1. Of the numbered conditions (1) within 23 Å of Ala137 (Cβ to Cβ); (2) away from ligand 1 (no atom under 16 Å from the Cβ); (3) part of a loop (DSSP other than H, G, I, E, B), Asp266 satisfies every one except a single condition; which is it?
2. Tell me, yes or no, whether region 276-295 has at least one residue that is small (Gly, Ala, Ser), within 11 Å of ligand 1 (Cβ to nearest atom), under 30 Å from Tyr202 (Cα atoms) and surrounded by 23 or more Cβ atoms within 10 Å (Cβ to Cβ).
3. If I filter region 81-137 down to residues being within 16 Å of ligand 1 (Cβ to nearest atom) and β-branched (Val, Ile, Thr), which single residue comes out as farthest from Ile400 (Cα to Cα)?
4. Of the residues Leu107, Leu82, Leu91, Leu113, which single one is touching a His at 6+ places or on another chain (Cβ under 8 Å), touching a residue at least 12 places away in the same chain (Cβ under 8 Å) and crowded, with 21+ Cβ neighbours inside 10 Å?
5. Considering each residue of region 35-70, count those that are more than 10 Å from ligand 2 (Cβ to nearest atom) and either farther than 21 Å from Cys268 by Cβ or at pLDDT 95 or above (or both), and give that number.
6. Considering only residues that are more than 9 Å from ligand 2 (Cβ to nearest atom) and of a type outside the set (Asp, Glu), which ones fall in region 21-34?
7. Is one or more of the residues making up region 298-314 touching a residue at least 60 places away in the same chain (Cβ under 8 Å) and either of a type in the set (S, T, N, Q) or more than 16 Å from Leu47 (Cα to Cα) (or both)?
8. Considering only residues that are away from ligand 1 (no atom under 12 Å from the Cβ) and under 21 Å from the mean Cα position of the chain (by Cα), which ones fall in region 356-378?
Amino acid sequence: MSSQLPHHPPPEPPFITELRCLRCGATYAPDEIDYVCPHHANEGSDLGSLDVRHDYEAIAAATSPAQIAADRDRSIGRYWALLPIADRHSLSPLAVGNTPLTHASRLGASIGLPNLYVKDDGRNPSASLKDRASAIAVARAQEAGRPVIATASTGNAAAALAAQCAAAGQENVIFVPKTAPQAKIAQLLVYGSTVLAIDGTYDQAFDLCVEACNEFGWYNRNTGYNPYMSEGKKTVSFEIAEQLTPHDSELTQYRVPDAVFVSVGDGCIIGGVHKGFKDLLALGWIERMPRIYGVQSTRSPALYNAWKAGQEIPEPVHADTRADSISVDAPRDPIKALNAVRQTGGAFLAVEDEAILEAMLPLARLGAVFAEPAGATAYAGLVQAVEDGLIRAHETVVVINTGSGLKDVNAAIQVTGGVRVIEPTLEAVRGALEINHSQPTIHQ
Ligand SMILES: Cc1ncc(COP(=O)(O)O)c(C=O)c1O
Ligand SMILES: [Zn+2]
């Protein structure tokens, strides 16, 4: 080889070319900026959310569907070439991802969809999809040598951060509304986070966390504000594609569902779902995009309203849904969320809180998935979409459950009507179950 040729060392991870503002199109080098595009500071601190852009050639040279399938690490670490971290070993030892995708045939039959699947992300280590993002936040803080990481959260992102920080030995400060369900607050306390319960809304906690990070130099994990959170959440789409595809050691292409349903608060999860499929399409690992459907509560409908009105930025609402994880006045990742739906030919749906709580029952009884209200919201949206004729019967549909039902047991007790208490006698059993001697069937 001639010594005259310029030496080009192969690119090294992370294979990121630039950060691009989704609002004004300004681009930044990956190490130039940590959070949002500074051009929009006067419109609200978080409106210039950044899209992380990749060197797909370098990614394709570094990994492939067959290599990912053969990786013995089943956590999100197997997607290392697509993650915004320099070294997969920067991920904490608390493994995230590899949650089950189940063909929910009885649940599907109940609404005329034989090809219905449920992706149960409540089966992550801290019991929500947010583990995927918090794992990335902690890995990036560790790689950058940042001593303290902070977040504001409706509860799950914080619980996920607390768990990852415990695993990595990372100091962290959490801002949550004091009304967050007890289970989520218990998770924060038990993992040893510094917890500040705010006498106010999630939106106030969010702004306070941004201010505190600026003041004290903490690394900020806030959803929508930190551009790398959708990079963690996108791994759910990689898994959906992989899990829908029969295993094959020569694997080059994944199957893709026709439609994906996901609940929406700030819009970061749905943005991540979209980004994951966009990555796979850019790599040529899938042939087309699924339609992405975002589901909100009618009591927290800011993104649904914006989608319906054709607006780019949603008007804030006064949110008070029982599905606490998606109770958001001013969504913090609106552009990614609206793009996910608009660019894939999906839709936003808004469902009543009663339908959300009721959706927990078929999900559990026919699908064997115990979801918190925000998780069940996605299924409630699918039921409505079927009624509205948005889904054809033969289509492959994936509903993502974003959080475990154990996060909010009061909701489960409420929707089931609670337990019946009886005297400890057989007579009482007979009476309660209306068991009749000639015909021993149980009536409940
Ligand atoms: C269980 C659950 N579902 C859905 C969401 C909504 O995600 P996003 O705020 O990114 O739209 C959250 C966010 O906290 C959540 O915890
Ligand atoms: Zn901008």
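1. Tallying (1) within 23 Å of Ala137 (Cβ to Cβ); (2) away from ligand 1 (no atom under 16 Å from the Cβ); (3) part of a loop (DSSP other than H, G, I, E, B), Asp266 fails exactly one: (2).
2. Restricting attention to region 276-295, the residues satisfying the condition of being small (Gly, Ala, Ser) are 276, 282, 284, 294.
So of that shortlist, the ones also within 11 Å of ligand 1 (Cβ to nearest atom) come out as 294.
In the following step, the residues that additionally are under 30 Å from Tyr202 (Cα atoms) were identified as 294.
Now restrict to residues that are surrounded by 23 or more Cβ atoms within 10 Å (Cβ to Cβ): 294.
Yes, there is a match, as at least one residue in region 276-295 is small (Gly, Ala, Ser), within 11 Å of ligand 1 (Cβ to nearest atom), under 30 Å from Tyr202 (Cα atoms) and surrounded by 23 or more Cβ atoms within 10 Å (Cβ to Cβ).
3. The extreme case among them is Ile136.
4. Values: Leu107 fails: touching a His at 6+ places or on another chain (Cβ under 8 Å); Leu91 fails: touching a His at 6+ places or on another chain (Cβ under 8 Å); Leu113 fails: touching a His at 6+ places or on another chain (Cβ under 8 Å).
Result of the check over Leu107, Leu82, Leu91, Leu113: Leu82.
5. 22
6. Kept after step one, since they are more than 9 Å from ligand 2 (Cβ to nearest atom), are these residues of region 21-34: 27-34.
Within region 21-34, Thr27, Tyr28, Ala29, Pro30, Ile33 qualify.
7. No, region 298-314 has no match at all.
8. We begin by selecting, within region 356-378, every residue away from ligand 1 (no atom under 12 Å from the Cβ); these are 357-370.
Of everything in region 356-378, those that are away from ligand 1 (no atom under 12 Å from the Cβ) and under 21 Å from the mean Cα position of the chain (by Cα) turn out to be Leu357, Ala359, Met360, Leu363, Ala364, Gly367, Ala368, Val369, Phe370.
The values are calculated or read from the model by the stated rules, or taken from the named source; none is laboratory data. All figures in this text were calculated on a predicted structure; none of them were measured in a lab. Glycine gets a Cβ as well: all are built from the backbone with ideal geometry, and neighbour counts include every protein chain shown.
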